[in-house]
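The values are calculated or read from the model by the stated rules, or taken from the named source; none is laboratory data. Remember, it's a predicted structure, so these values are computed and weren't measured experimentally. Neighbour counts run over all protein chains shown; Cβ positions are idealised from the backbone, glycine included.
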Amino acid sequence: MKKSSKAKKTISKKSSVGPSKHHLLLEIGVEELPANYLSYGDQNHQALFRDAFLAAFASINATASMAMGDLHIYLTPRRITVDARFSFDPKPVSEEVYGPPSDRAYQPDGKPSQMLEGFIRSKGVAAKDIVKLDNKGKPCVGFVRLSQPQAPSKLVAEWVAVFVKRLTFPKLMWWDDSGFVFPRPVRTLLCLLDDRPGDCGLGTIRNATKTSIFRSGTRQSFPVRTAADYYALLKKHGVILDQERRRAHAEAEIKKITSKFGGTPAAQSALLEEITYLTECPVAISGTFDIGFAELPKDVLQSGLSKSQRLFSVYDKNGRHLPHYIGFLDGASRNPKAVVQTVSAILRAKLQDSRFFFEEDLKLYTAQGDSKRAGLGKLQEDLKNLQYLKGAGSMAQKQERLLAAAQSLTEPWGLASDQTQTVRQAIPLLKVDLLTQMVGEFPELQGIAGGFYLKGAGLPAGVAVAVSEHYLPTSPDSQLPISTAGAVLSILDKADIIAICFALNKLPTSSQDPYALKRALAGILRTATAKGLKVQWDALMRALLTALKEQKLAEDFDIEATLKKLRGFYAERTQYFYENQGIDRDIAESVLEVRTGDILDVARRIEALRKMAGTEDFSKTVKVLQRTTNIVRGTKEKIIGDPEEQLLTEASEKELFVAWTAKKSAVAEAVESGDAERALRLYAGSFFDILHRFFDEVLVNSEDPAVRMNRLRLVTSVRGLFADHFADLSKIKAQDSKGL
């Protein structure tokens, strides 16, 4: 019997034919896709679309005969275009076909067993072709056969089908009887492989050598013979296919027009992103509105512009609104003046509504009279009728929970007395603006509206600012609260929804997080770290769960069992949070193993270790902890207490005991301070060399039970100085330092 060469090795044959280069152009023409569907899929440099296409490529490339080259994915509201260049090697490749396990393939006399004979017959091969193989680490027998890779033209249909199937969108719909689903109807499919039509389809739509241009309410088809034709045609009709170029073009137009007005553009990245995916031929327009509307609060005016017609604001050098706006059409209009007149008329009506809402809401905040029948008192009373979440009570009860938690938490978090007073004064006013007409029309102004209404009602500026900031941050990259009171309110507000959902067993999964609990925790981590608040996760969650229990809401939950789930959620998401910031996973995990509940302390220790990673002291400490951890975890005996000097017998263990006795206080002090550089230097300098000798000369698992336990106590004590109080660096996978 022969022994095979390594698996799936290319079989060399004399051939003058080498790899050939190929070009695939694919366009899926659709009715208007929602902008958020495209921006969602385009995040992280086209991650969703690129990953789907490469996954489809891998599925058809089982013989590894193709290699992907340049790949570009272009997204507009009416087309998803893929431009891929790849190579194809036509040489046959070997494939291993696995048969019976080696120990069951042959009889004692060396003849094939019945199992092997059956395998030979079923596969139609000769006994001489059977060789030894390895099937995922398990020895077996089988044979190696040559497979001729399929030409790319034969794989296009499967490639396109798998690509589309791999795409994920918030919602999918059925558009024909074939079972094909997509967010919007697919109207055309264009697929060219080396400028030849590919034999493929999606649902009832078949590949056709044409594309569509949509202008002035009509969709017109144009023939496409080659990839060059395609790009030339789109350019001729003003389509900017590349979304990055489209975004840059729109941004340049905004800057040019604002400069003409003598102003500066507003920082509206979300609106710019939306315009990028709402248009494929963005054409800027501009107009004016009544200067009187500029007296509205800045955020109200900007929301009125951006929400009603997706218009960009223009500011002067002092940050005040100028009476101008900038908008975008998808393609040039035949009568741009008429368009601007229509936009301005609609905008005027919207801004009149905004001014009416503002004035009427402000009257509610400033009305005088019985505290429960007028003004803020009436609004606070009405919060009792506004449900927060089924099972979580009303918005008024939510504010009660936050106030109860704040009573016990603000002092440990390090707040000054005036900041604590601001927090307590703000909490009963936190959600009042949810009852206003302004927030009803512009939900994105939650908190912000409350801030300017409270200011208008004459409440302290600190309270108004804190209320306006308490929803921040709203995304991973958004602004954080500036005021300390605003940061505290933000943390309490986000923590409450997490606590409530865990109490109600509305837990997030890997793919579903309807209450945005993961984002809420990330916001808490960012805010607490940036503001230097000494937030203890367990204490925060316990305070909110206790308040919930006292309100007799979600009565069937157990506080301790819920806290256990919350600790796991915190540890997992905190590790993910730091990993997303470029922190080595092992470093974050090693700190969280020890300091899980202290948000600020965890952040400081992770950052300190990140700076020290790669240094000799860091590497030596890792080696010490890896070796001592292996010893400690390798025993089934329960190790309790300190080592006893009288039980020491070997010179090196006595030396280690002396070092531990002499250095433990200094190391413990450095560890507790969070000074990673000093702690690592002291720890590595004190124990690395001594432990090297100890492990060379001393058998820890002595036959004498008392000696063995004493040595285990010594090793445990040395390990615990760092691993139990700073970070369990034994989790670090690989280090370059030699020794131990």
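Give the residues of the stretch 263-309 that are under 26 Å from residue 216 (Cα atoms) and among the β-branched types (Val, Ile, Thr), sorted by residue number.
So the first thing to find is which residues in the stretch 263-309 are under 26 Å from residue 216 (Cα atoms), and the list is 271-288, 305-309.
Of everything in the stretch 263-309, those that are under 26 Å from residue 216 (Cα atoms) and among the β-branched types (Val, Ile, Thr) turn out to be 275, 276, 279, 283, 285, 288.
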*Restricting the first residue to the stretch 404-419 and requiring it to be on the phi < 0 side of the Ramachandran plot, which pairs with a second residue that is of a type outside the set (A, V, I, L, M) and in a loop (DSSP other than H, G, I, E, B) meet a Cβ separation below 7 Å and a spacing of at least six or different chains?*
412/534; 413/534
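Condition check: among the hydroxyl-bearing types (Ser, Thr, Tyr) and not in a loop (DSSP other than H, G, I, E, B). Does residue 221 satisfy that? Lay out the reasoning, then the answer.
Working: among the hydroxyl-bearing types (Ser, Thr, Tyr): yes; not in a loop (DSSP other than H, G, I, E, B): yes.
Criteria met by residue 221.
Filtering the stretch 529-558 down to residues that are in a loop (DSSP other than H, G, I, E, B) and in contact with a helix residue (DSSP H, G or I) (Cβ under 6 Å, 6 or more places away or on another chain), which residue is nearest to residue 397 (Cα to Cα)? Walk me through it before giving the result.
Filtering the stretch 529-558 for residues in a loop (DSSP other than H, G, I, E, B) gives 532-535, 551-558.
Next cut, in contact with a helix residue (DSSP H, G or I) (Cβ under 6 Å, 6 or more places away or on another chain) only: 534-535, 551, 554, 557.
Values: 534: 26, 535: 23, 551: 8, 554: 13, 557: 18 Å.
The selected residue is 551.
Take the residues in the stretch 211-238 that are touching a residue at least 40 places away in the same chain (Cβ under 8 Å) and among the polar types (S, T, N, Q); name whichever of them is surrounded by the fewest Cβ atoms within 10 Å (Cβ to Cβ).
216
Is there a residue in the stretch 717-727 that is of a type outside the set (Phe, Trp, Tyr) and over 39 Å from the mean Cα position of the chain (by Cα)?
Going residue by residue through the stretch 717-727, those that are of a type outside the set (Phe, Trp, Tyr) are 717-721, 723-725, 727.
Among the residues that remain, those that are also over 39 Å from the mean Cα position of the chain (by Cα) are: 717.
Yes - at least one qualifying residue is present in the stretch 717-727.
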_Yes/no for residue 168 being in a loop (DSSP other than H, G, I, E, B) and within 18 Å of residue 82 (Cβ to Cβ)_ = yes
*Of all residues in the stretch 111-135 being in contact with a strand residue (DSSP E or B) (Cβ under 9 Å, 6 or more places away or on another chain) and of a type in the set (D, E, K, R), which is nearest to residue 64 (Cα to Cα)?*
134
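If you take the residues in the stretch 357-370 that are in contact (Cβ under 8 Å) with a residue 24 or more places away in the chain and under 15 Å from residue 295 (Cβ atoms), which one is farthest from the chain's Cα centre (by Cα)? Full working, then the answer.
As a first pass, look at the stretch 357-370 and keep what is in contact (Cβ under 8 Å) with a residue 24 or more places away in the chain: 357-358, 360-362, 364-366.
In the following step, the residues that additionally are under 15 Å from residue 295 (Cβ atoms) were identified as 357-358, 362.
Details: 357: 37, 358: 37, 362: 39 Å.
Among them, the one singled out is 362.
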*Could you please find all residues in the stretch 667-677 being closer than 18 Å to residue 724 by Cβ and surrounded by 15 or more Cβ atoms within 10 Å (Cβ to Cβ)?*
667, 668, 670, 671, 674, 675, 676
*Being in contact (Cβ under 8 Å) with a residue 60 or more places away in the chain and in a loop (DSSP other than H, G, I, E, B) is the filter; apply it to the stretch 282-314 and report the residue that is farthest from the chain's Cα centre (by Cα).*
290
*Quick one: in the stretch 572-599, which of the residues that are in contact with a Leu (Cβ under 9 Å, 6 or more places away or on another chain) and among the polar types (S, T, N, Q) is surrounded by the fewest Cβ atoms within 10 Å (Cβ to Cβ)?*
575
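Evaluate the following for residue 685: is it part of a loop (DSSP other than H, G, I, E, B) and surrounded by fewer than 18 Cβ atoms within 10 Å (Cβ to Cβ)?
no
Within the group 151, 84, which residue is surrounded by fewer than 17 Cβ atoms within 10 Å (Cβ to Cβ) and closer than 16 Å to residue 20 by Cα?
Working: 84 fails: surrounded by fewer than 17 Cβ atoms within 10 Å (Cβ to Cβ).
Among 151, 84, only 151 is surrounded by fewer than 17 Cβ atoms within 10 Å (Cβ to Cβ) and closer than 16 Å to residue 20 by Cα.
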*residue 723 is checked against (1) more than 21 Å from residue 587 (Cα to Cα); (2) surrounded by 13 or more Cβ atoms within 10 Å (Cβ to Cβ) and fails just one. What number does that condition carry?*
(1)
*Number of the exception - residue 631 against (1) surrounded by 15 or more Cβ atoms within 10 Å (Cβ to Cβ); (2) outside any loop (DSSP other than H, G, I, E, B); (3) at pLDDT 90 or above*: (3)
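Is it the case, given these coordinates, that residue 125 is β-branched (Val, Ile, Thr) and in the same structural domain as residue 37 (by TED's automatic domain parsing)? Break it down stepwise before answering.
Values: β-branched (Val, Ile, Thr): yes; in the same structural domain as residue 37 (by TED's automatic domain parsing): no.
The answer is no for residue 125.
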*Give the residues of the stretch 266-277 that are crowded, with 18+ Cβ neighbours inside 10 Å and not in a helix (DSSP H, G or I), sorted by residue number.*
266, 268
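Can you tell me which residues in the stretch 62-85 are β-branched (Val, Ile, Thr) and touching a His at 6+ places or on another chain (Cβ under 9 Å)?
Across the stretch 62-85, the qualifying residues are 81, 82.
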_Restricting to the stretch 154-175, name every residue that is farther than 27 Å from residue 513 by Cα and exposed (fewer than 14 other Cβ atoms within 10 Å of the Cβ)._
154
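Tell me which residues, restricted to the stretch 321-333, are modelled with pLDDT of 90 or more and in a loop (DSSP other than H, G, I, E, B). Spell out how you get there, then give the answer.
Here is the first cut: in the stretch 321-333, the ones modelled with pLDDT of 90 or more are 321-331.
The one that is modelled with pLDDT of 90 or more and in a loop (DSSP other than H, G, I, E, B): 331.
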*Name the pairs: first residue in the stretch 138-155 and charged (D, E, K, R), second residue surrounded by fewer than 18 Cβ atoms within 10 Å (Cβ to Cβ) and part of a strand (DSSP E or B), Cβ to Cβ under 7 Å, at least 6 apart or on different chains?*
138/101; 145/95; 145/97
*asked:* Checking the structure you have, find out if any residue of the stretch 78-90 is over 40 Å from the mean Cα position of the chain (by Cα) and at negative phi.
replied: yes
_Looking at the stretch 334-357, can you tell me whether even one residue there is among the hydrophobic types (A, V, I, L, M, F, W, C) and in a loop (DSSP other than H, G, I, E, B)?_
no
*Tell me which residues, restricted to the stretch 139-163, are at pLDDT 90 or above and among the charged types (D, E, K, R).*
154, 158
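Would you check which residues across the stretch 177-210 are of a type in the set (A, V, I, L, M) and either surrounded by 17 or more Cβ atoms within 10 Å (Cβ to Cβ) or in a loop (DSSP other than H, G, I, E, B) (or both) and list them?
The initial filter retains those residues of the stretch 177-210 that are of a type in the set (A, V, I, L, M), namely 181, 186, 189-190, 192-193, 202, 205, 208.
The answer is 186, 189, 190, 192, 193, 202, 205, 208.
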*Of all residues in the stretch 504-528, count the ones that are without any contact (Cβ under 8 Å) to a residue 60 or more places away in the chain and not in a loop (DSSP other than H, G, I, E, B).*
9
*Hey, residue 609 hits all of (1) farther than 25 Å from residue 491 by Cα; (2) over 29 Å from the mean Cα position of the chain (by Cα); (3) not hydroxyl-bearing (Ser, Thr, Tyr) but one; which does it fall short on?*
(2)
*Top-ranked residue of the stretch 87-122 - restricted to ones that are touching a helix residue (DSSP H, G or I) at 6+ places or on another chain (Cβ under 8 Å) and in a strand (DSSP E or B), ranked as surrounded by the most Cβ atoms within 10 Å (Cβ to Cβ)*: 99
